[in-house]
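Presented below is the structure to which this report refers.
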Amino acid sequence: MKKLIEGFTLQLAQALKIGQSVDLVRPGSDIRNILITGMGASGIGANLVESLTFGRVPIPITVCKGYNIPQFVSPHTLFIACSYSGDTEETLAAVQKAMLKRAHIHLQHYFWRQSLLEPGQGI
């Protein structure tokens, strides 16, 4: 744990570098809300994003930690699924439900289960 804490600033620098290199594609429909799902440490990251952006973005950002997703999820939702392993049961269930509602899905992961979507793939 001590090594992880000592390496935190390096992790943040790597995260910024990764974020700056991402080629984002604007969705075809207007995004009216953002839902971030994740369990454990992935969920903590979601809470961090929610807190840091509160009052700074014009649309609501909600965090979901579980199998179910809010009723408001729609084609106007940017759905961000976070999973270190890519195998988190609750996150996978939430992704499948978001797919049924035709949300715009982005997967944030370290390892992602190939059978669901390719790593880094957005829908």
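Miscellaneous remarks
- Residue in region 90-97 that is acidic (Asp, Glu) and at pLDDT 90 or above present: yes
- Tabulated pairs, region 32-57, first of a type in the set (A, V, I, L, M, F, W, C), second surrounded by 14 or more Cβ atoms within 10 Å (Cβ to Cβ) and part of a helix (DSSP H, G or I), C-beta under 6 angstrom, 6+ apart or interchain: Ile36/Ala46; Met39/Glu90
- Verdict on Ser29 being surrounded by 10 or more Cβ atoms within 10 Å (Cβ to Cβ) and at pLDDT below 85: yes
- Within region 56-66, the set of residues being closer than 15 Å to Leu107 by Cα and either among the β-branched types (Val, Ile, Thr) or surrounded by fewer than 13 Cβ atoms within 10 Å (Cβ to Cβ) (or both) comprises Val63 only.
- Residue ID - surrounded by the fewest Cβ atoms within 10 Å (Cβ to Cβ), chosen from residues in region 67-89 that are of a type in the set (Val, Ile, Thr) and assigned to a loop (DSSP other than H, G, I, E, B): Val73
- Ala41 among the aliphatic types (A, V, I, L, M), at pLDDT below 85, within 26 Å of Leu12 (Cα to Cα) and assigned to a helix (DSSP H, G or I): yes
The values are calculated or read from the model by the stated rules, or taken from the named source; none is laboratory data. Computed from a prediction, not measured in an experiment: that's the story for all the values here. Reconstructed Cβ throughout: ideal geometry from the backbone, glycine too, with neighbour counts over all protein chains shown.
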